[in-house]
There are 2 protein chains.
Amino acid sequence: MSKVRFDISVSLDGYVAGPDPDPEAPLGQGGEQLHEWVLVTRSWRESHGMDGGETGPDDDVMAEMIAGVGATVMGRKMFDGGEGPWGDPPSFGWWGEDPPFHRPVFLVTSHPRDTVEMSGGTTFTFVTEGVEAAIEQAKAAAGEQDVHIAGGASVINQALAAGLVDQAEVHVVPVFLGGGARLFDNLGTPPPGLEIDRVAASPAVTHLRYRVTR
Amino acid sequence: MSKVRFDISVSLDGYVAGPDPDPEAPLGQGGEQLHEWVLVTRSWRESHGMDGGETGPDDDVMAEMIAGVGATVMGRKMFDGGEGPWGDPPSFGWWGEDPPFHRPVFLVTSHPRDTVEMSGGTTFTFVTEGVEAAIEQAKAAAGEQDVHIAGGASVINQALAAGLVDQAEVHVVPVFLGGGARLFDNLGTPPPGLEIDRVAASPAVTHLRYRVTR
């Protein structure tokens with residue numbers, strides 16, 4: 001059955017980005033360490049049109065996450081990476097002209113604009129009615145496939161608080177960031193329930209997957 | 001070689017105790033859920049003079065943690081559980097007359113008092129010169145065996161920030177507490193480094209053990 005799910009890399013002290021982001025360090029100081037394990041997996045590289053990469057537990061997890069996703073939901077900050085206004089045709093910052101999604105992407109934003117079709121099957125649809133509306137549209141687009149919430153933390157937290165998430169995966173990276181953006185704030189009372197679904201481990205990162213109950 | 005180590009149970013949102021502690025809920029609202037996995041293990045029950053209990057991955061981890069500990073370091077709040085002044089002879093709140101340690105325990109406190117010998121080999125020594133002094137005394141008492149920092153979060157964080165910890169184990173419990181006491185605040189700059197040492201998992205909890213590098 002179609003699921004709404006997210007996964008996110010987090011430091012052992014619970015941050016999804018480091019402190020004091022700047023143009024040189026858009027993920028905050030030290031934040032890039034959270035994603036090093038991703039960039040070396042064969043599955044991630046393949047999905048981004050690159051050769052090579054490592055196999056093993058982390059690659060298995062990554063392949064599992066990529067498989068069966070019919071639509072993506074993303075927050076504004078993750079989408080534009082803090083970019084200014086876009087040209088016409090737009091460049092869309094770090095996603096490039098041929099974004100790695102190859103599927104419909106629904107952006108949660110306060111700025112309405114027309115849907116944009118990119119190369120390679122990616123469409124960007126701008127949803128101004130909030131996370132719930134974005135997930136609803138993504139579910140319709142995904143059909144039998146899953147909806148993946150790509151982040152950031154704010155969109156994930158809103159979806160969790162609204163009881164819209166079926167599966168959560170947290171990649172715990174062995175690093176202390178000492179500050180930055182927290183995951184899982186303001187989830188409401190009572191907060192969602194969790195059941196452990198699967199644990200996978202490598203020397204680089206531990207992958208904790210949960211079923212979310214309401 | 002003798003190690004300084006700690007282990008602590010933490011919610012998926014990074015709390016080691018729930019919000020709004022009161023006499024009915026000394027670990028905060030919902031905080032008792034963090035320790036349910038402990039109370040059912042055979043090793044923990046045996047160390048507390050009780051029969052029965054479950055075997056399996058959680059019990060294996062608990063047995064490993066109990067083994068080879070020569071001395072314990074503990075913070076004041078964890079020690080007295082918010083109790084008022086003690087009688088003479090003291091009752092020491094929830095630890096009882098025959099505490100489950102059966103070894104020297106060094107309490108980090110601002111209130112000096114004489115060392116107390118309890119039944120069953122436990123001694124309580126009150127250290128007023130801070131965490132570093134308490135760990136130093138515990139190491140001397142432990143000899144070839146390990147020093148275990150029992151908690152709470154404040155003592156653990158101080159020991160980590162001072163570069164005094166060799167091994168950290170975090171038991172991630174599948175629950176959101178939504179508030180309470182955070183672990184791993186104020187670890188200094190740069191924070192300590194981490195290397196994954198061992199991951200163990202059960203349907204109840206995931207055990208992440210790390211080597212701490214300085």
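The values are calculated or read from the model by the stated rules, or taken from the named source; none is laboratory data. None of these values were measured; they are calculated from a predicted model. Methodologically, a virtual Cβ is constructed for each residue, glycine included, from the backbone with ideal geometry; neighbour enumeration extends over all protein chains shown.
One residue is enough: does the range A:171-189 have a residue meeting the conditions over 17 Å from the mean Cα position of the chain (by Cα), without any contact (Cβ under 8 Å) to a residue 24 or more places away in the chain and within 14 Å of chain B (Cβ to nearest Cβ)? Yes; the residues of the range A:171-189 include at least one that is over 17 Å from the mean Cα position of the chain (by Cα), without any contact (Cβ under 8 Å) to a residue 24 or more places away in the chain and within 14 Å of chain B (Cβ to nearest Cβ). Of all the numbered requirements in (1) buried (at least 19 other Cβ atoms within 10 Å of the Cβ); (2) in contact (Cβ under 8 Å) with a residue 60 or more places away in the chain, residue A:143 misses one, and that requirement is (1). Of B:199, B:127, all but one fail to be touching a Leu at 6+ places or on another chain (Cβ under 8 Å), more than 14 Å from chain A (Cβ to nearest Cβ) and of a type in the set (A, V, I, L, M, F, W, C); the exception is B:127. Count of the range B:7-59 residues, restricted to those that are in a helix (DSSP H, G or I) and either among the aliphatic types (A, V, I, L, M) or within 18 Å of the chain's Cα centre (by Cα) (or both), is 16.
If I ask for residues that are touching a residue at least 12 places away in the same chain (Cβ under 8 Å), out of contact with any Phe, Trp or Tyr (no Cβ under 7 Å at 6 or more places or on another chain) and not charged (D, E, K, R), which ones from the range A:59-73 would you list? Of everything in the range A:59-73, those that are touching a residue at least 12 places away in the same chain (Cβ under 8 Å), out of contact with any Phe, Trp or Tyr (no Cβ under 7 Å at 6 or more places or on another chain) and not charged (D, E, K, R) turn out to be A:61, A:63, A:65, A:66, A:68, A:69, A:70. Determine whether the range A:146-153 contains at least one residue that is within 13 Å of chain B (Cβ to nearest Cβ), touching a residue at least 24 places away in the same chain (Cβ under 8 Å), among the small types (Gly, Ala, Ser) and touching a Pro at 6+ places or on another chain (Cβ under 7 Å). Scanning the range A:146-153 turns up no residue that is within 13 Å of chain B (Cβ to nearest Cβ), touching a residue at least 24 places away in the same chain (Cβ under 8 Å), among the small types (Gly, Ala, Ser) and touching a Pro at 6+ places or on another chain (Cβ under 7 Å).
So in the range A:202-214, with the set limited to residues that are in contact (Cβ under 8 Å) with a residue 40 or more places away in the chain and part of a strand (DSSP E or B), which one is nearest to the other protein chains (Cβ to nearest Cβ)? Within the range A:202-214, the match that is nearest to the other protein chains (Cβ to nearest Cβ) is A:210. Taken over the range A:162-201, the criterion of being surrounded by fewer than 18 Cβ atoms within 10 Å (Cβ to Cβ), in contact with a Gly (Cβ under 8 Å, 6 or more places away or on another chain) and at pLDDT 95 or above is satisfied by no residue.
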